[in-house]
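What follows draws every value from the coordinates through simple rules; no lab data is involved. These numbers come from a predicted model, not from an experiment. Note: ideal-geometry Cβ built from the backbone for every residue, glycine included; neighbour counts use all protein chains shown.
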Amino acid sequence: MTTLRLEAVSRAYDDTVALENVDLTVRDGEFFTLVGPSGCGKTTTLRMIAGFEEPTAGRVRFDGREMASVAPERRDVGVVFQSYALFPHMNVAENVGYGLRFRDPPGRTTVDERIAELLALVDLEEMGDRSPEQLSGGQQQRVALARALAPAPDLLLLDEPMSALDAQLRESLRRQITRIQSELEITTVYVTHDQAEALAISDRLAVLRDGRVEQIGRPQEIYREPATRFVAEFVGDNNVFEGTVLSTDRDGARVEVGGRQLDIPALPDGSERTTVCVRPGALSRTATHNRLPVTVETTEFLGETVRVHGRWNGREITLQLENVPERDDLTVGFAPEDAHVVASR
Ligand code: ATP
C-alpha cells in the first residue's frame, strides 16, 4: 500500500516545458487519473513516477520517501502501456510469470500458483498455453495487466491501456480494471485523453493542460463544479458565455450576454465580467427563467437523448432533448441555480 506525492515537479526537454510545478497526492488504494489533451504532459508524469525519467525540479515521493536515487526496477511499480508489449516468443503463462524472475511471488505461493492466480483474476484461466498472437487485443491487454500485477507491486501505472481497442471492448475491459483495482486495493495512476473514461473510472482525477494542473477532484466535482473555462469545456458538453455583470446581491446576479439579460447565482462583490457555464441537460423547453430563442442547426440521435447544436444570439449552443425537435426554432430556458461560474482562463 502506497501514497504517492508529486511536489512542485517540473520537467523540461531543451526548449519544451513538458510539466511545470505539478503538485498532487494519490492516496493509498486510490484510482487516480491524469486526463488532458494530447501533449499536456500525462505520459511524462507517469514516466517520472515509474523512474524512467527524472524531474528537472521537484520531488516524487512514495510513502514520504524521496525516489530520486531509486532506479525504476527498485520502485516496486507495475506498468501497463498502450501497446500490449507482450513477449511474442513466450506463451501467456510465461509472460505473466516474467516479473517473478526478478522478484519472489508474494506470501508463500509458488511461481506457478501465482501465475494461475493472476490468470484467474483477469478471467484467462484457460489461456496459459496460448501464444500472445492467438489472443484478441483485449485479452492481450489483460495478460499485460496480469504480468504487471504478478509481483504484487505497491503502485500500478496504466498509460492509455485501452486506446487500441474498439468501443465495446474498452467498456468491458474498463469494468474489469475497476473490479480488479478495487479488489486488490492497489494505488493506481491511470492516463487517458478520454474525459468520459476518466469520469467513469476514477476515484479522483487531475485535469492537465500545457503541463500544468488545471483542477483536481472527484468526477462529480470536476463535472458539476469545473474551476476554469478549460475544464468546463474539456469535460463533457457545456455552453459557455462571457457576460458583463449588471448587478449582484445575496440572492443572485444579473449579467448581460450579447444584449440579453440572464439571472445566475450570486457573484463576489465588485465583479465586472464573468464566465457562465450551463450544461446542455440544464436547458429545457419548460424552464421559465432565462428564456433563449435557439435556431437549430444539426441534431444527433443518441438513443436515450438527442443532442442538438444550434445558435442563440449568434453564439453556438448545445441542447440535450428527449426528442428530435419538429421545428428549426425553439425556445429553451434554465434555472439560475443551474448556471455555474468559472474562472475565464
Ligand atoms: P499524448 O496524449 O499525446 O500521449 P501526453 O499528455 O502524454 O500526450 P507527453 O508525452 O507527456 O504528453 O508530452 C508532453 C510534452 O513534452 C509534449 O509537448 C511533448 O512533445 C514533449 N516531450 C515529451 N517527451 C519528450 C522528449 N523525449 N523530448 C522532447 N520533448 C518531449
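Quick one, can you get me the convex hull of the C-alpha atoms of the stretch 4-226 expressed as volume per residue in Å³?
Cα-based convex hull of the stretch 4-226, divided per residue, equals 125 Å³.
Provide the net charge surrounding GLU66, with neighbours chosen by a C-beta distance below 11 Å and charges set as Lys +1, Arg +1, Asp -1, Glu -1.
Taking every Cβ under 11 Å from that of GLU66, the sum is +2.
Considering only PRO105, PHE301, LEU46, whose Cα is most displaced toward the positive end of the charge dipole of the chain, charges sitting on Cβ of Lys, Arg (+1) and Asp, Glu (-1)?
LEU46
If you place +1 on the Cβ of every Lys and Arg and -1 on the Cβ of every Asp and Glu, how big does the dipole about the Cα centre of the chain come out, in debye to the nearest 20?
I would put it at about 380 debye.
Among ILE180, ILE115, which comes first, second and so on when ranked by fewest other beta-carbon atoms within 10 Å?
ILE180, ILE115
Going by amide H atoms built from the backbone, whose H comes under 5 Å of the H on LEU208, apart from near neighbours?
VAL35, GLY36, GLU214
How far is helix 111-121 tilted off the main Cα axis of the chain, in degrees rounded to 10, range 0 to 90?
In the chain, helix 111-121 runs at an angle near 20 degrees to the longest axis.
Determine the percent antiparallel among the DSSP beta bridges restricted to the chain, to the nearest 5.
Antiparallel bridges: around 75 percent, rounded to the nearest 5.
Which value, in debye to the nearest 20, describes the size of the charge dipole of the stretch 196-317 about its Cα centre when Lys and Arg Cβ atoms bear +1, Asp and Glu Cβ atoms bear -1, and nothing else is charged?
The calculated dipole for the stretch 196-317 is roughly 180 debye.
Order the peptides 76-83, 124-131 from the highest to the lowest mean number of other Cβ atoms within 10 Å of their residues.
The densest-packed peptide leads the list: 76-83, 124-131.
Where a ≥ b ≥ c are the square roots of the eigenvalues of the C-alpha gyration tensor, would you call the stretch 143-196 rounded, which needs a/c under 1.5, or, failing that, prolate if a/b is larger than b/c, or oblate?
prolate
When ranked by the protection proxy of mean other Cβ atoms within 10 Å per residue, highest first, what sequence do the peptides 138-149, 20-31 form?
138-149, 20-31
Can you find, among ALA146, VAL60, MET90, the residue farthest towards the positive end of the dipole of the chain? Put +1 on the C-beta of Lys and Arg, -1 on that of Asp and Glu.
VAL60
With the Cα gyration tensor of the stretch 54-110 in hand, convert its eigenvalues to equivalent ellipsoid semi-axes via √(5λ) and list them largest first in whole Å.
For the stretch 54-110, the semi-axes come out at 28, 17, 8 Å.
So what's the gap between the Cα centers of the stretch 273-334 and the stretch 119-142, to the nearest angstrom?
Each part's Cα centre sits 46 Å from the other's.
Which order do peptides 205-218, 4-17 fall in by mean Cβ count within 10 Å, highest first?
Peptide ranking by packing, descending: 205-218, 4-17.
Whole-Hz Karplus ³J(HN,Hα) for the stretch 305-320, in order, using 6.51 cos²θ - 1.76 cosθ + 1.60 and θ = phi - 60°, x for Gly and Pro?
The phi angles translate into 9, 10, 9, 10, 9, x, 10, 10, 6, x, 9, 5, 9, 10, 10, 10 Hz.
Mind checking which of VAL122, ALA339, SER136 is farthest towards the positive end of the chain's charge dipole, using Cβ charges of +1 (Lys, Arg) and -1 (Asp, Glu) about the Cα centre?
ALA339
In what sequence do GLU171, GLU272 fall when counting other Cβ within 10 Å, fewest first?
GLU272, GLU171
Mind putting a number on the dipole of the stretch 160-202 about its Cα centre? Charges go on the C-beta only, +1 for Lys and Arg and -1 for Asp and Glu, and I need it in Debye to the nearest 20.
Computed about the Cα centre, the dipole is about 80 debye.
Over the stretch 237-342, what per residue volume does the convex hull of the Cα atoms give, in whole Å³?
In the stretch 237-342, the Cα convex hull volume per residue is 88 Å³.
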